[in-house]
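The values are calculated or read from the model by the stated rules, or taken from the named source; none is laboratory data. Because the structure is a prediction, the values reported are computed rather than measured. Here the Cβ positions follow ideal geometry from the backbone for every residue, glycine too, while neighbour counts run over all protein chains shown.
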Amino acid sequence: MNEISLFTDKDKTPDEEALRAGIGEKAYQQWVELCNYVLEQYPNGMAEWKFPGLKYGWSFSVRDKKRAIIYLLPRQQFFTVAFVFGQNATEKMLNGEFPLEIQSALSDAPKYAEGRGIRLPIS
C-alpha cells in the first residue's frame, strides 16, 4: 500500500476540488461524513492540513487540545484513516463489541508512548 500522500507539493495546501478528484467521489463522500461525525463528537476539534515533510506529503487531522483524534491520509482513489489509542482506549476497544478485524489490527499494532495506532483503507 502506498504510504505517500496523494499531495506532495509543500507550497500547495490541498483544496476540496483536488481532494475529491484525487481520492474519488465515493471516498470523498466518506471523508466528509467521517470528518463531520468527528467534529460533531468533538465540537472544539480543530481540522487542519499538515505537511510533515516530503517523505509523507500532506495529511489531514482533527485534533483537540491534547491530541489528534483522527488522521486522514489521501491516496490515489482512496484514503487511509488512522487512529492512535492510548492504554485505556486500547483496553476498551479490545474488550468491546468491535469488529474482529479492528481488534486484531489494534492488538497486533506496536506499542508506543502515545499508544497503539491502526490504519484502515477507505475506498
**OP:** Confirm whether residue 105 is of a type in the set (A, V, I, L, M), in a helix (DSSP H, G or I), touching a strand residue (DSSP E or B) at 6+ places or on another chain (Cβ under 7 Å) and surrounded by 12 or more Cβ atoms within 10 Å (Cβ to Cβ).
**Re:** yes
**OP:** With the condition kept exactly as written, say whether any residue in the range 54-73 is surrounded by fewer than 18 Cβ atoms within 10 Å (Cβ to Cβ), over 20 Å from residue 117 (Cα atoms), at pLDDT below 95 and out of contact with any Phe, Trp or Tyr (no Cβ under 9 Å at 6 or more places or on another chain).
**Re:** yes
Subject >> Subset of the range 82-102 [buried (at least 17 other Cβ atoms within 10 Å of the Cβ) and either touching a Leu at 6+ places or on another chain (Cβ under 9 Å) or assigned to a loop (DSSP other than H, G, I, E, B) (or both)] >> reply: 83, 85, 90, 93
Original post:
If you take the residues of the range 1-30 that are part of a helix (DSSP H, G or I) and in contact with a Phe, Trp or Tyr (Cβ under 6 Å, 6 or more places away or on another chain), which of them is nearest to residue 75 (Cα to Cα)?
Top reply: 23
Subject >> Within the range 47-79, tally of residues that are closer than 21 Å to residue 12 by Cβ, in contact with an Asp or Glu (Cβ under 9 Å, 6 or more places away or on another chain) and assigned to a strand (DSSP E or B) >> reply: 4
**OP:** Identify, by number, the condition in (1) over 17 Å from residue 3 (Cα atoms); (2) surrounded by 14 or more Cβ atoms within 10 Å (Cβ to Cβ); (3) modelled with pLDDT under 95 that residue 41 doesn't meet.
**Re:** (2)
Subject >> Single condition residue 44 does not satisfy, out of (1) among the polar types (S, T, N, Q); (2) within 19 Å of residue 121 (Cα to Cα); (3) in a loop (DSSP other than H, G, I, E, B) >> reply: (2)
Original post:
Within the range 70-104, can you find the residues that are free of Cβ contacts under 8 Å to residues at least 60 places away in the same chain and under 15 Å from the mean Cα position of the chain (by Cα)?
Top reply: 70, 71, 72, 78, 79, 81, 82, 83, 84, 85, 102
